[in-house]
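The values are calculated or read from the model by the stated rules, or taken from the named source; none is laboratory data. Everything numeric in this text was worked out from a predicted model, so none of it was measured. So basically every Cβ, Gly included, is an ideal-geometry build from the backbone, and we count neighbours across all protein chains shown.
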Amino acid sequence: MLFGKKNKILIVDDDEDMLSMFFSILSDYKYNVIQAKNGIECLEKAKKFAPDIIVMDVMMPELDGIATVLKLRSDEQTRHIPVIMCTAVKDSEDEILARNLGAVDYVRKTPQMEDLLARIERVLNQ
Amino acid sequence: MNEEKHLKNITSKHDIQKLENIHMIFLEKIEANKIEDIYNRVLETIKGMSIPSENKTLENTLLNLVDLLIETVSSQDELLLIFTGKTFDEDYIFAHSLNVCLISIRIGLRLGFSKDRIKVLGFLAIIHACKDMGLPENLREGFTQEAEMTEIIRLADVYDAMTHPPSYRKSIVPYETLTSIMHTHTFFNPELTKVLLKEISLYPRGSWVKLSTEEIGKVIKVNKGQTMQPTVAIFIDPKGYHLKEKKIVDLSQNNFIYIKQPLSEEEIMQMQNNDIIASSYQ
């Protein structure tokens with residue numbers, strides 16, 4: 001990370017409480033946080049803001065997380081952005097699928113953010 | 001308000017069911033049930049496999065099933081095109097694994113894989129999510145998974161999971177899924193994507209389509225070699241009324257009518273909710 005330049009992170013979740021929790025913790029940390037509440041908004045904001053990383057919920061109404069990853073991959077402007085998928089229920093077929101679509105990580109949502117922060121850092125430092 | 005909307009949804013689902021029933025009657029007349037029988041038999045077998053058994057027994061049972069599938073896929077062009085129906089959630093992972101296996105076998109055959117390689121490919125495809133099926137993960141240990149096989153299974157997994165998802169996800173019509181896959185350029189091996197495109201109809205059996213005549217119907221038969229011109233049963237006339245009399249159009253025999261756009265089941269329901277399609281018969 002360049003001095004004084006914060007990494008941009010796009011958080012996608014349909015649960016507003018989750019979204020504000022992510023927002024406050026990640027903003028406190030050292031990121032510029034952009035929020036989207038569904039897949040469609042994620043695609044728009046990914047193009048508009050060119051985030052360094054996307055952290056996205058798997059289950060969402062409208063366009064769900066899995067379908068959104070495929071859409072991100074199929075757009076020249078967004079296909080290179082690393083995506084970490086978050087889920088409330090860990091399902092190994094969903095994890096296989098997410099990874100088959102190029103998601104760099106697949107994590108279970110927990111109130112403890114240390115694990116997620118470490119994973120975000122690992123992806124950004126690669 | 002929410003309750004009202006909920007009730008309306010139920011009515012729409014009921015209407016869809018009515019259409020499905022009519023559709024089944026058409027199907028029975030047009031298709032023999034043999035392929036569905038094989039599909040369902042294999043599905044029942046793999047569902048029963050989570051009962052603890054010796055690895056060798058599981059492996060042999062699966063390899064025998066894969067043999068049966070290879071034989072069926074080689075002789076039946078329609079097999080790939082039947083599994084677009086809904087699956088109950090408890091059966092989802094089994095149906096999905098079977099579909100991934102069928103698609104992978106189909107691609108392997110088209111690429112000219114030897115019989116032994118196709119068998120390994122089919123086996124690895126059917127157990128790609130072995131953990132969710134309740135099968136031991138070390139089942140794959142005795143087999144070498146070539147890089148090309150991994151790519152094929154990955155493509156088949158994504159294609160089937162998008163077009164035929166569990167109930168908590170919306171399905172994406174094959175046309176849109178394949179377009180997205182193709183637009184990823186090199187993320188999926190373009191050669192394999194081309195093969196998938198040849199093997200899978202953009203409008204498989206069971207898909208809703210709007211024709212150039214503005215009529216809406218369901219694909220009831222994919223015509224060999226003319227996958228863009230299937231046979232369609234028309235349910236809704238250009239004004240949005242359900243047809244009383246059944247009407248079947250074979251697009252491969254009719255050069256003047258073509259598919260204008262694919263429609264998802266959700267879109268059909270939305271049209272009913274918004275009264276674009278009348279909820280009663282004319």
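In the stretch B:178-190, the residues that are among the polar types (S, T, N, Q) form Cβ pairs under 8 Å with partners that are part of a loop (DSSP other than H, G, I, E, B), at six or more places apart or across chains, as follows: B:Thr179/A:Ser74; B:Ser180/A:Ser74; B:Ser180/B:Ile172; B:Thr184/A:Ser74; B:Thr184/A:Arg79. Apart from one condition, A:Gly39 fits all of (1) touching a strand residue (DSSP E or B) at 6+ places or on another chain (Cβ under 6 Å); (2) within 14 Å of chain B (Cβ to nearest Cβ); the exception is (1).
Of all residues in the stretch A:64-73, none satisfies the criterion of being over 13 Å from the mean Cα position of the chain (by Cα) and more than 8 Å from chain B (Cβ to nearest Cβ).
The helices (runs of 4 or more DSSP H) falling completely within the stretch B:105-197 that include 2 or more residues that are more than 10 Å from chain A (Cβ to nearest Cβ) and surrounded by 21 or more Cβ atoms within 10 Å (Cβ to Cβ) map to B:115-126, B:147-163.
Look at B:Asp37 and say whether it is modelled with pLDDT under 85, part of a helix (DSSP H, G or I) and outside the structural domain of B:Gly206 (by TED's automatic domain parsing). Criteria met by B:Asp37.
How many residues, within the stretch B:141-167, are touching a residue at least 40 places away in the same chain (Cβ under 8 Å) and closer than 20 Å to A:Asp91 by Cα? Residues meeting the conditions: 11.
Surrounded by fewer than 18 Cβ atoms within 10 Å (Cβ to Cβ) and either of a type outside the set (Asp, Glu) or not in a helix (DSSP H, G or I) (or both), is that true of A:Pro61?
Numbers: surrounded by fewer than 18 Cβ atoms within 10 Å (Cβ to Cβ): yes; either of a type outside the set (Asp, Glu) or not in a helix (DSSP H, G or I) (or both): yes.
It is true that A:Pro61 is surrounded by fewer than 18 Cβ atoms within 10 Å (Cβ to Cβ) and either of a type outside the set (Asp, Glu) or not in a helix (DSSP H, G or I) (or both).
The set of residues in the stretch A:74-100 that are among the acidic types (Asp, Glu) and more than 8 Å from every other protein chain (Cβ to nearest Cβ) comprises A:Glu76, A:Asp94, A:Glu95.
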